[in-house]
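This report refers to the structure that appears directly beneath it.
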Amino acid sequence: MWLFYFDDGVKAEPYQKERCPYEIPKLRDIIKLFDNGVYRTDRSRFLGDFFELMAICISNQVDRRPSVWAAREARFEEIKKAYDKSEFELFQKMFAEVYKLCGSVVYENGAFADYLGEFYMQSNTSNAKLGQFFTPYHVSKLCAKATITKEDVLRKAADGGILTINDPCCGSGGMLLAALDVIGNDYGINYADKVFISCGDIDRRCVHMCYIQLSLAGVPAIIKQQNALSRELYDVWKTPAYIFQYIKFRKFENCILNG
């Protein structure tokens with residue numbers, strides 16, 4: 001357990017982690033599973049569909065807005081019909097492994113990383129023409145450490161405030177994960193309680209990757225598929241941690257979606 005003290009004697013909220021109850025998968029094994037299983041269909045299409053299916057599976061367990069739920073359920077069935085039984089079984093196997101890997105960051109022996117961004121880059125399906133070269137995680141964490149100070153984080157947490165983070169071009173969420181890593185592991189603050197993230201990207205695949213990673217990291221967040229320059233909004237994804245704590249974080253939503 002980590003326990004921090006402020007200069008005025010105020011104690012920060014204790015933040016305790018448990019060890020992961022299952023064996024944490026290796027990213028290289030998930031990539032190998034993908035490489036060995038995808039040989040009859042387009043790799044880029046398969047991976048994009050995998051990210052979308054996984055995002056829908058997470059979303060439709062918690063986001064019960066009727067029109068949103070129905071549209072995503074229909075989209076799930078549409079994607080599923082394009083694949084045969086063996087290919088859909090590969091989706092299921094990859095889902096289980098990615099879920100365990102990305103979800104392991106909340107445990108003491110888990111490690112933060114931009115797992116899906118790295119997966120995407122190593123899959124040889126990224127779009128170089130769009131400039132999709134995701135920042136290496138160690139660089140992202142260095143940037144987070146340089147811009148997020150311990151003093152500011154602890155002062156905000158002690159005052160009962162919420163740390164808000166915004167990234168209008170989030171990619172797979174690597175920079176955001178690095179910020180959570182610093183806030184949670186370096187500064188000992190329970191980000192599931194003290195942090196709210198607003199982020200977006202124009203690329204739908206990036207939105208799905210970011211949504212999956214933030215959802216499984218347990219962070220309250222709203223992820224938008226949006227043109228950051230024109231502000232045109234195409235889709236909105238709300239993480240389970242945001243929905244479960246809606247009363248606490250709802251004050252941010254109107255500003256984010258209508259501001």
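The values are calculated or read from the model by the stated rules, or taken from the named source; none is laboratory data. Note that this is a predicted model, so its numbers are computed, not measured. Note that we place each Cβ from the backbone using ideal geometry, even for glycine, and neighbour counts take in every protein chain shown.
Looking at segment 225-236, I want the residues that are within 15 Å of ASP167 (Cβ to Cβ) and have a partner that is surrounded by 14 or more Cβ atoms within 10 Å (Cβ to Cβ) and among the acidic types (Asp, Glu) with Cβ atoms under 7 Å, at least 6 apart or on another chain. Which pairs are those?
Here the result reads GLN225/ASP201; GLN225/ASP235, each pair linking segment 225-236 to a residue that is surrounded by 14 or more Cβ atoms within 10 Å (Cβ to Cβ) and among the acidic types (Asp, Glu).
Among the residues of segment 102-123, which ones are within 13 Å of the chain's Cα centre (by Cα) and among the aromatic types (Phe, Trp, Tyr)?
Answer for segment 102-123, where residues must be within 13 Å of the chain's Cα centre (by Cα) and among the aromatic types (Phe, Trp, Tyr): PHE112, TYR115.
What residue, among those in segment 153-194 that are surrounded by fewer than 19 Cβ atoms within 10 Å (Cβ to Cβ) and aliphatic (A, V, I, L, M), is farthest from PRO220 (Cα to Cα)?
ALA158
Determine whether TYR15 is buried (at least 20 other Cβ atoms within 10 Å of the Cβ), modelled with pLDDT under 95 and either out of contact with any helix residue (DSSP H, G or I) (no Cβ under 6 Å at 6 or more places or on another chain) or farther than 24 Å from GLY218 by Cα (or both). It would help to see each step written out before you state the result.
On the way: buried (at least 20 other Cβ atoms within 10 Å of the Cβ): yes; modelled with pLDDT under 95: yes; either out of contact with any helix residue (DSSP H, G or I) (no Cβ under 6 Å at 6 or more places or on another chain) or farther than 24 Å from GLY218 by Cα (or both): yes.
So TYR15 passes the test.
Spot the failing condition for ALA157; the list is (1) under 20 Å from THR135 (Cβ atoms); (2) in contact (Cβ under 8 Å) with a residue 40 or more places away in the chain; (3) in contact with a strand residue (DSSP E or B) (Cβ under 9 Å, 6 or more places away or on another chain); (4) not in a loop (DSSP other than H, G, I, E, B), and only one is missed.
Unmet for ALA157, out of (1) under 20 Å from THR135 (Cβ atoms); (2) in contact (Cβ under 8 Å) with a residue 40 or more places away in the chain; (3) in contact with a strand residue (DSSP E or B) (Cβ under 9 Å, 6 or more places away or on another chain); (4) not in a loop (DSSP other than H, G, I, E, B): (1).
Please enumerate the residues belonging to segment 22-81 that are outside any helix (DSSP H, G or I) and either under 22 Å from the mean Cα position of the chain (by Cα) or basic (Lys, Arg) (or both).
Step one: of segment 22-81, the residues outside any helix (DSSP H, G or I) are 22-26, 38-42, 63-65, 81.
Selection gives TYR22, GLU23, ILE24, PRO25, LYS26, ARG40, ASP63, ARG64, ARG65, LYS81.
So which residues in segment 195-238 are part of a helix (DSSP H, G or I), crowded, with 21+ Cβ neighbours inside 10 Å and not aromatic (Phe, Trp, Tyr)?
Quick first cut of segment 195-238, residues part of a helix (DSSP H, G or I) only: 204-217.
From what is left, the residues that are crowded, with 21+ Cβ neighbours inside 10 Å are 205-217.
If the condition is that a residue be part of a helix (DSSP H, G or I), crowded, with 21+ Cβ neighbours inside 10 Å and not aromatic (Phe, Trp, Tyr), then ARG205, CYS206, VAL207, HIS208, MET209, CYS210, ILE212, GLN213, LEU214, SER215, LEU216, ALA217 are the ones that fit.
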